[in-house]
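*Asks:* This structure is in structure tokens; I'll ask about it shortly.
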Amino acid sequence: MKLIGQGRTADIYAYPSNQIMKLYKSDFSFEAVQNEFRITQILYDKGLPVPQARVIIDEANRQGIVFERIEGHTMFSMMFGQPLRLQELVHQLAVCHVELHSQSDDQGVLPSQKQILSGAIRRTQLLSEEDKTRILVYLSSLPERTQICHGDYHPDNVMVNEMKDSCYVIDWMTGMSGDPAGDVARSWVILKSASLPEDADPEIRLGFERSRDTIVDGYTNHYMHLTGLTWKEIESWILPVAAARLEECLPGNEAEEVLKFVQEQLNQLNV
Ligand SMILES: Nc1ncnc2c1ncn2[C@@H]1O[C@H](COP(=O)(O)OP(=O)(O)OP(=O)(O)O)[C@@H](O)[C@H]1O
Ligand SMILES: [Mg+2]
């Protein structure tokens, strides 16, 4: 099978009949694979722009999901392959996020944003117990909503089919129901703090650093323009979202950046 993509959690192979197989690393739990399969199916059935999840298979002691293959490239690769279109792509990134958020999890079948965030905040070892308690109390005061949220929405999890002029969202392992403002805040934190892997093409790394502000500001402003959401509403989620992100094994400089957001926000908090 031909390897067509690699992420932190899986290797992606071309698969017969216009499909791909996402083969998870061997230490990846079966429960998490089932979760991604189930969530992607639910969203596909709702008519959202996601690849159809076809079947779960076992391959050499690893689990894999066979998905419909999306024709096209990731938004991330297009941003650097076609820099003149950066602004247009950044707008498309916002449009597609708005489309996901326009639907809700009426039947309550997705994990809840507040539960996911509070679990991650409790598990991080980078915050004191006292700070965690303050953040958890604050989190409980934020709006309770049930819109479809991705939980890891960034340009490498969006694919663009130029023939159809449409976007598809992949990698639904962290799909959840919650407040779109929290989902946008998470994208903001990722875009502001993410560093590309050490072995990434140096030109792409430089290009990303140069366009980071254009991407994050363009995406956030266009999202607000399309929905009427305010910066205050997005900002109100930065604290719990950044604190929860500390639970992931981030590279040192990235963890430092995220910790800075947490400290800044904690300093402004009155609980
Ligand atoms: N349905 C699909 N059709 C075509 N290409 C795909 C599809 N799903 C994934 N890919 C390719 O594989 C890459 C990795 O996929 P995905 O984001 O699902 O993996 P991951 O290991 O979860 O990534 P991450 O590093 O974000 O955790 C994508 O960037 C894309 O290039
Ligand atoms: Mg991914």
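The values are calculated or read from the model by the stated rules, or taken from the named source; none is laboratory data. This structure is a prediction, so every number in the text was calculated from the model and none was measured. We place every Cβ from the backbone using ideal geometry, glycine too, and count neighbours over all the protein chains shown. What goes into the accessible areas is simple: the full protein's heavy atoms, side chains included, and nothing from ligands, DNA or RNA. Shrake-Rupley method; radii C 1.70, N 1.55, O 1.52, S 1.80 Å.
*Asks:* Pick out the one residue from Ile190, Ile204 that is within 15 Å of ligand 1 (Cβ to nearest atom), in a helix (DSSP H, G or I) and surrounded by fewer than 18 Cβ atoms within 10 Å (Cβ to Cβ).
*Replies:* Being within 15 Å of ligand 1 (Cβ to nearest atom), in a helix (DSSP H, G or I) and surrounded by fewer than 18 Cβ atoms within 10 Å (Cβ to Cβ) holds for just one of Ile190, Ile204, which is Ile204.
*Asks:* Can you list residue pairs whose Cβ atoms sit under 7 Å apart, with the first residue in region 75-100 being under 16 Å from Trp188 (Cβ atoms) and the second being surrounded by fewer than 16 Cβ atoms within 10 Å (Cβ to Cβ)? Count only pairs 6 or more apart in sequence or on different chains.
*Replies:* Listed pairs, sorted by first residue: Val90/Thr214; Ala94/Leu226; Val98/Leu226.
*Asks:* Looking only at residues that are assigned to a helix (DSSP H, G or I) and open to solvent by 60 Å² or more (accessible area, probe 1.4 Å) in region 135-169, which one is farthest from Leu43 (Cα to Cα)?
*Replies:* Per the stated criteria, the residue is Val137.
*Asks:* Applying the selection to region 24-34, what residues are more than 14 Å from ligand 2 (Cβ to nearest atom) and surrounded by 13 or more Cβ atoms within 10 Å (Cβ to Cβ)?
*Replies:* Val33, Gln34
*Asks:* Same structure again: The conditions are (1) open to solvent by 20 Å² or more (accessible area, probe 1.4 Å); (2) in a loop (DSSP other than H, G, I, E, B), and Val50 fails exactly one of them. Which is it?
*Replies:* (1)
*Asks:* Go through (1) open to solvent by less than 40 Å² (accessible area, probe 1.4 Å); (2) not assigned by TED's automatic domain parsing to the domain that holds Glu203 for Arg62 and report which single condition fails.
*Replies:* (1)
*Asks:* Select from region 4-18 the residues that are of a type in the set (S, T, N, Q) and either in contact with a helix residue (DSSP H, G or I) (Cβ under 6 Å, 6 or more places away or on another chain) or near ligand 1 (Cβ under 8 Å from one of its atoms) (or both) and list them in ascending order.
*Replies:* Scanning region 4-18 gives Gln6, Thr9.
*Asks:* Every residue in region 183-228 that is without any contact (Cβ under 8 Å) to a residue 24 or more places away in the chain and hydrophobic (A, V, I, L, M, F, W, C), please.
*Replies:* Hits for region 183-228 are Leu196, Ala200, Leu206, Met224.
*Asks:* Could you check how many residues of region 1-20 are more than 19 Å from the chain's Cα centre (by Cα), open to solvent by less than 40 Å² (accessible area, probe 1.4 Å) and within 15 Å of ligand 2 (Cβ to nearest atom)?
*Replies:* Going through region 1-20 one residue at a time, the tally reaches 1.
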